[in-house]
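Here the structure comes first, spelled out in structure tokens, and everything after it is commentary.
What follows draws every value from the coordinates through simple rules; no lab data is involved. All figures in this text were calculated on a predicted structure; none of them were measured in a lab. Note: ideal-geometry Cβ built from the backbone for every residue, glycine included; neighbour counts use all protein chains shown.
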Amino acid sequence: MTKIIPMAALLVTPLCLMADTSGGTLSVTATVDSSISMTFETAGGGISLTGAGTATATLPLGTVSAYESINGSITRTVNGVTDYALATPFGVKVVKANSASSGYDVVAKLDNADGVNVWKVGSTTLSTSDQSVASSQAYGSAISHTLTLTVPHSAAAGGISNSITFTVTSN
């Protein structure tokens with residue numbers, strides 16, 4: 001025999017079994033800012049940068065001289081008895097986010113004055129003041145630049161060390 005349970009008995013829930021609840025709304029706001037990021041890259045035919053892919057790389061020229069053998073990734077030009085120039089390419093890569101900018105400009109400067117050697121990026125001689133080395137560069141891939149260090153024959157043998165600060169500005 002089938003037992004019929006009244007429907008009202010199934011729908012009644014004791015009030016003591018109901019949990020307390022509360023709710024709220026979290027509003028979120030943000031302001032999206034445009035940005036660019038620069039990294040140094042090893043360029044084809046150039047010396048492998050220590051820290052390539054970062055914004056703080058090192059270009060290790062190694063032991064150099066006017067007449068002894070040097071790293072094959074360095075182009076050396078001996079200027080008679082006056083000086084010799086050492087040149088090697090390196091890359092600068094700039095990417096952008098949330099920006100309508102079509103390109104960027106590059107300036108560079110020596111961190112420390114050098115009264116003996118001449119430092120160049122491309123054809124621009126560097127000093128401790130910002131010098132324009134490139135303009136209207138394209139975003140997204142490494143663009144090759146050449147570092148040239150000119151050492152006079154009269155310079156004393158020993159270490160050469162300096163840092164070059166690069167600043168890129170969207171345009």
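Would you tally the net charge around residue 126, using a Cβ to Cβ cut-off of less than 11 Å, leaving residue 126 out, and scoring K and R as +1, D and E as -1?
With Lys, Arg at +1 and Asp, Glu at -1, the neighbours total -1.
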As a footprinting exposure proxy, order 41, 68 by other Cβ within 10 Å, with the fewest listed first. 68, 41
Output for region 39-98 (equivalent-ellipsoid semi-axes, sqrt of 5λ from the C-alpha gyration tensor, Å, descending) is 29, 11, 9
Take the alpha carbon atoms of region 28-70, find their center, do the same for region 133-171, and report the distance between the two centers in whole angstrom. 10 Å
Taking the Cα centre of the chain as the origin, how large is its charge dipole in debye, to the nearest 20, when only Lys and Arg (+1) and Asp and Glu (-1) carry charge on their Cβ atoms? 440 debye
Considering only 134, 171, 149, whose Cα is most displaced toward the positive end of the charge dipole of the chain, charges sitting on Cβ of Lys, Arg (+1) and Asp, Glu (-1)? 171
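Sequence gap at least 6, Cα distance under 8 Å: using those rules, report the relative contact order of region 68-171 to the nearest whole percent.
38 percent
Once you have the alpha carbon radius of gyration of the chain, what is it after dividing by 2.2 N^0.38 Å, with N set to its residue count?
Output field value: 2.05.
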Place a point 7 Å from Cα of residue 79 in the direction of its Cβ. Which residues in region 121-149 have their backbone N less than 17 Å from it? 121-127, 147-149
Neighbour-count order for 94, 107, 78, 28, fewest beta carbons within 10 angstrom listed first: 28, 78, 107, 94
